[in-house]
């Protein structure tokens with residue numbers, strides 16, 4: 001973990017006016033949060049990583065109350081020194097990776113409508129908060145996330161490098177599986193925010209592969225359907241200790257591309 005990177009030494013004028021207006025949430029917003037939370041929560045005991053379940057308890061999210069970022073920040077700060085940065089939605093690579101490298105997770109504050117419960121093109125607050133934030137209580141997971149972002153910051157002017165690193169992020173942070181006590185469980189936020197993909201990812205239908213940096217760097221992904229393959233780690237410490245290999249293999253691919 002890069003201790004010099006702290007939540008207080010990163011600023012960007014694009015972020016200054018952004019904050020969560022908790023009092024602006026409507027009754028429909030609370031209904032949407034409750035439906036999504038309860039629908040997914042019932043899948044978690046047999047499907048989610050133990051670390052995610054522990055993190056959900058630490059951060060204190062419930063079905064009856066939309067996530068409060070101010071309260072979550074206090075709990076994250078105590079656990080790992082991370083905090084939440086409100087963003088308007090999808091953001092540029094420099095801002096996204098800059099925030100992560102300084103232990104600030106970008107999260108939207110808007111919620112999908114009742115008509116959009118099952119599919120969104122862009123991640124909303126339920127995805128960002130419910131699915132991502134609990135694991136920010138785990139030190140090894142957050143060290144991996146911070147240092148992966150650090151690699152990306154070195155290559156912001158190289159679209160190929162960012163595309164390759166996005167595959168690592170996709171197959172770990174968003175769609176990763178973990179082996180716990182001989183069973184495969186979910187830790188990827190893209191899976192954890194989808195009841196359908198939670199069931200699909202653990203079924204016999206997709207391919208289950210051992211975490212392999214080189215293979216992931218050479219495996220494209222898509223956003224509009226379930227994945228055909230999922231990569232399984234044995235621990236979050238394994239993710240963190242793979243950072244030097246990620247940088248090495250990325251360098252080899254970039255050199256080969258010319």
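Throughout, read-outs are computed from the coordinates displayed, never taken from laboratory work. This is a predicted model, so every value here is computed, not measured.
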Expressed as a whole-number percentage, the relative contact order of segment 22-257 with C-alpha contacts under 8 angstrom and at least six residues apart is 20
Global form of segment 179-258, assessed from the alpha-carbon gyration tensor, a/c cut-off 1.5:
oblate
Just 108, 242, 27 to compare: in a GNM of the chain, with alpha carbon springs under 10 Å, which one fluctuates most?
27
When the chain is treated as a Gaussian network with springs between alpha carbons less than 10 Å apart, the largest mean-square fluctuation among 72, 63, 107 is found at 63
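Once you order the gyration tensor axes a ≥ b ≥ c over the Cα atoms, which shape class does segment 22-257 get: rounded for a/c under 1.5, otherwise prolate or oblate by comparing a/b with b/c?
Judged from the Cα gyration tensor, segment 22-257 comes out prolate (a/c at least 1.5, a/b above b/c).
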Springs between alpha-carbon pairs under 10 angstrom, Gaussian network model over the chain: which of 131, 181, 78 fluctuates most?
181
Cα centroid of segment 142-203 to Cα centroid of segment 62-106, whole Å:
17
Is segment 57-114 best put as rounded, prolate or oblate by its Cα gyration tensor, with a ≥ b ≥ c the root eigenvalues, rounded for a/c under 1.5, and otherwise prolate when a/b is larger than b/c, oblate when not?
oblate
